[in-house]
1. Does residue 143 count as at positive phi, open to solvent by 10 Å² or more (accessible area, probe 1.4 Å), in a loop (DSSP other than H, G, I, E, B) and touching a residue at least 24 places away in the same chain (Cβ under 8 Å)?
2. Considering only residues that are among the β-branched types (Val, Ile, Thr) and open to solvent by 10 Å² or more (accessible area, probe 1.4 Å), which ones fall in the range 300-336?
3. Hey, can you tell me all the residues within the range 513-539 that are touching a Gly at 6+ places or on another chain (Cβ under 6 Å) and open to solvent by less than 40 Å² (accessible area, probe 1.4 Å)?
4. Which condition breaks for residue 567 when tested against (1) surrounded by 15 or more Cβ atoms within 10 Å (Cβ to Cβ); (2) modelled with pLDDT under 95?
5. Kindly provide the set of residues from the range 68-96 that are open to solvent by less than 10 Å² (accessible area, probe 1.4 Å) and free of Cβ contacts under 8 Å to residues at least 40 places away in the same chain, ordered by number.
6. So if I check each of 122, 116, 96, 137, which one is in contact with a strand residue (DSSP E or B) (Cβ under 8 Å, 6 or more places away or on another chain) and over 24 Å from residue 200 (Cβ atoms)?
7. Kindly provide the set of residues from the range 225-243 that are more than 20 Å from residue 427 (Cβ to Cβ) and either free of Cβ contacts under 8 Å to residues at least 60 places away in the same chain or among the polar types (S, T, N, Q) (or both), ordered by number.
8. Which one of these is more than 22 Å from residue 325 (Cβ to Cβ) and in a loop (DSSP other than H, G, I, E, B): 125, 130?
Amino acid sequence: MSEQQLPDWADPSVSPAALDPQGVSRRGLLRSAGLFGAAFAVGSLATPATADSRRLGGDDPRLAYLVGDHHIHSVYSHDAKYTFSQLAQASAKYGLDWMVFNEHSNFGHANYGAQLEHQEILKARAENPRQLIFQGLEWYIPGAEHATVFAAPGRHEVDLLTKFELAYDGKLLGYTAGSPTSPDTARNEAHAVKAIKWLAEQRRTGYVDDVLVLANHPTRLGIDSPHEMRNWRDAAPEIVIGMEGAPGAQGGGIPGWVGSGQQRGEYTNKPSENSFAGYPENAYVLYGGFDWMTATVGGMWDAMLAEGRLFTITTNSDVHRVVFDTWKNGDWAPGQNFDNTGHIPDPVNTDSQQPGGDFWPGQFSRTHVGVTLPHYLNSVGGAPIGYRAVMAGLRAGRVWLDHGHLLDGLDVRVKRDCDHGPGVTMGGRIRVRKGEKLTLSVTVTTASRANPHGILPELAHVDVIRGAVRGSAADRDDWRAPDTKVVRTVDVSGRKGTYTLRIPLVAGDESFYVRLRGSDGNRNGTGYLGASIDPHGPIPHVPGNGDPWVDTWFYANPVFVDVVGGR
């Protein structure tokens, strides 16, 4: 593998004239944060504080944010359409720094496709060392939905995936929900936990440098029950780090798109015999493009956070078929099929638009991961630092998301008023005493250029959400966090450039967390659990009237505040 290189926008040796507008904007953010030029000297940035640091106060390093997508399908998935090179080129066009090809599990994939794609990935890594390309798998969780599984580059990355696929994939074993051969839910759930523990063991023993799991589209079918999600996390919290806060297929609601239900995310289902009975029927649609678990203030995501444990959210393309493109699947050669080749035929361009509800990676949905950058160099005997830095940033929860390129940048810090230094950022925790005063600083950099749809996005408001931390849930199927609500909304309409909101916080007698979201203000209403909890949250759209480009949101991971001596 070639020596890893900085992205163009982060590399001082690349002339500004060689950058696209997005690259110029991102370089400007680095420069304003003091992270450009001399700051890239080896060792010039602070070592990240550990997530479990127990000292009062605490601080985090200055961060650069790499944009990525962990849910991309190519011809190595049985139901997708595009070649690996088409997707890699599109990802570069829309500014992605990292991406994960997580193909659907299938015997053809395990026996042929995974190795074939691996060769393409190795070639792409060598030819473009500025782009981080992970290989992954979309795991059919036994008895539940899907998940992204991906490993750090290394000698065993593809072997890990295929061994895991053959031994633990619910579809290959007939353990998926609703299968006539899998009535034993307890067996399915136990096998999923066993699978996660197996991955953790491969990391512990050094078979692979790192491996992560993220649950995909968690309420699309309603079969990821709260206790299952808690079981996955508890089996290996360093491996199962979170879920898709917003799924792909965001083009599904575009007016004029003809498809299943004409809903964003293709969330068109109803409760079934396999669904968790505690989910209401209106949990099966998206709210502002985000999964009900994430979009509901005081809902399932908050219930996980209220236990005082990080659970990261992401967003991605889940690209299979891009909305309104003109490519169609190629034809099979005689005697060939997915099972005996591991890939579908390359697509063929036509003169007419083809059905589809997805966007290209980075075109609409973006996951921003904070990493310490001064360099991306090969480590001795392990994965390149750049790959490990992205995985470490995801695990640490230094993550925020946006749709429609709503923001150029976001920095979130919480610090005690009596402290100096930058404070603690997203995913981190700070220890304080009861009654101490703190400040939540939110630095926003507004969109400086039109997005791929030709709209210059404008942020209308920033919501501060606060929730009490009460420890492990007594009922592991409880999806509510009743002490979480929107505590402040800041109207930022008309503000441009980079500005900082400073919001005072006071530590009560119990630990808590704060998290942020905001939108373009085009589609708001009373939140799912009522106006007293969320007075102007995201709302669903009627079928066929869900243009994603005019209903865009950002979400940020929480900061935890541990109150010393509190409950």
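The values are calculated or read from the model by the stated rules, or taken from the named source; none is laboratory data. Note that the structure is a prediction, hence the values are computed from the model and not measured. No Cβ is skipped: glycine too gets one built from the backbone with ideal geometry, and neighbour counts run over all protein chains shown. Just so you know, the surface numbers come from the protein's heavy atoms only, side chains and all, with ligands and any DNA or RNA stripped out. Shrake-Rupley method; radii C 1.70, N 1.55, O 1.52, S 1.80 Å.
1. yes
2. 323, 326 - these are the residues of the range 300-336 that are among the β-branched types (Val, Ile, Thr) and open to solvent by 10 Å² or more (accessible area, probe 1.4 Å).
3. Residues of the range 513-539 that are touching a Gly at 6+ places or on another chain (Cβ under 6 Å), as a first pass: 513, 527, 529, 533-534, 537-539.
Hits for the range 513-539 are 513, 527, 533, 534, 537, 538.
4. In the conditions (1) surrounded by 15 or more Cβ atoms within 10 Å (Cβ to Cβ); (2) modelled with pLDDT under 95, residue 567 misses (1) alone.
5. Hits for the range 68-96: nothing passes.
6. One residue alone meets the criteria, 96.
7. Across the range 225-243, the qualifying residues are 225, 231, 235.
8. On the way: 125 fails: in a loop (DSSP other than H, G, I, E, B).
The match here is 130.
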